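A short worksheet on the structure shown next.
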Amino acid sequence: MKRKIIKIDEEKCTGCGLCVPNCHEQAIKIINGKARLVNDVFCDGLGACLGECPEGALTMEEREAEAFDEKKVLENLVGKEAAATEDHLKILAESGDTEMHREYANFLKSMQGNHIGHSCPGSAHSVIAKKTNAAASPITETTQQSELTHWPIQLHLLNPAATFLQGKDIVLSADCVAYTLADFHSRFLKGKSLAIACPKLDSGMDFYIEKIRQMIDEAGINTLTVIMMQVPCCRGLLQIAQAALQKAKRKVPVKAVVVSTSGDILSEEWL
C-alpha cells in the first residue's frame, strides 16, 4: 500500500538521537551512528518525531510501505519492557532488599493491563473512568467535576484512530482557554473528547491539519468545536480546522468560540 512514512536523510543525520524519544512506537533507532527506520510497520506516519532534528534530516514521504501495525508495536514494546522488568526484579531480589522488591512487584501487578504500547507513560492513550456520585469528592463552591474522558489531549500526541475519538463530538481548544475560562469543563467539555494545541508555538501545522482530516474522515467525528483566545495569533487554530475540513471527504458542523483574556465568551457561532 502507498502511505505516508518517515524519511531519514543519512547525509544530514549526525546520530544525535533527539528523534528517538519522540517516536513512541520505537520505529527509529541509532544504528552505526545514524538514525534508521527499523521497520515500516512500526511507523504510524503521524510525524511525532518531526521538528526534533536540528539538522532537518527527518521529513515525511509517501511511498509503498507495509501498513502500520499497532499489534506488532505493542508486542515489540511489551517484550522489551518485560525483559527489563524481569532484570530489575532479579537485581532487587539479589540485593536482599525484600521490602523494595515487594513494593516494586506490587506496583507492576497494579499496572498490569494499563500498558497500551507507548514507551512514554505520559503519552500513553487511556480512557478516564468517571467517578460515581458515591466515590466522587464532595462538590463545593471551589471544586468542580472534571469532564475529561481520555489521555493524552495534546494534538501532537493524539492518534486519530483512538477509540475515544470515534464518532465523538470534538473540542479543539487553544492551550490557554481552560486557564482563562472558569466553567470550561461544565460548559464545553462535558460529553466530548478534547484536543489542545497552540497555533503560535506548536510546530507541524500541516500535520495538525492532516490529523484533524483523519478525525473527520476516518474516526467519523460528529462535530468540531474550536475554542480560541481573542488574541490574533489564536485565530490560526480555526484556520487549521477549516483547512482540514476542506481536505476532508466528509463534512461536519464546526463551531467557533472566542474567549477574552478576562474569561468572557465574546462570540459563539456555528460556521
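Nothing in this text is a laboratory measurement; each read-out follows from the coordinates by a stated rule. The model shown is predicted, which means the values in this text are computed figures rather than measured ones. Counting neighbours? That spans all protein chains shown, and the Cβs are built from the backbone with ideal geometry, glycine included.
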task = Please give the FRET efficiency for E218 paired with S262, using the beta carbon to beta carbon distance and R0 = 35 Å, rounded to the nearest 0.05.
result = 0.35
ask   = Sequence-distant or interchain residues sharing an amide H contact under 5 Å with T149, placed H: which?
value = L194
Length added when fully stretched, Q230-D183, from 0.36 nm per residue minus Cα-Cα = 15.2 nm
remark   = Length gained if R3 through N32 is fully extended, taking 0.36 nm per residue and subtracting the Cα-Cα distance, is 7.7 nm
ask   = Whole-Hz Karplus ³J(HN,Hα) for segment 30-36, in order, using 6.51 cos²θ - 1.76 cosθ + 1.60 and θ = phi - 60°, x for Gly and Pro?
value = 8, 10, 6, x, 9, 6, 10
ask   = In whole Å, how far is the Cα centre of segment 29-46 from that of segment 167-200?
value = 34
ask   = Tell me, L58, L238 in order of fewest to most beta-carbon neighbours within 10 Å?
value = L238, L58
key: Label-point separation, C198 to K251 (7 Å along Cα→Cβ), nm   = 3.5
message = What does the charge count around G17 come to, taking other residues whose C-beta lies under 13 Å from its C-beta (Lys +1, Arg +1, Asp -1, Glu -1)?
response = +1
inquiry  = Could you give each residue of segment 52-68 its phi-based ³J(HN,Hα) in whole Hz, using Karplus coefficients 6.51, -1.76, 1.60 with θ = phi - 60°, and x for Gly or Pro?
reply    = 8, 7, x, 9, x, 7, 9, 9, 10, 9, 10, 8, 5, 7, 5, 5, 4
ask   = To the nearest 0.05, how large is the calculated FRET efficiency for E62 and A161 if R₀ is 25 Å and r is the Cβ-Cβ distance?
value = 0.85
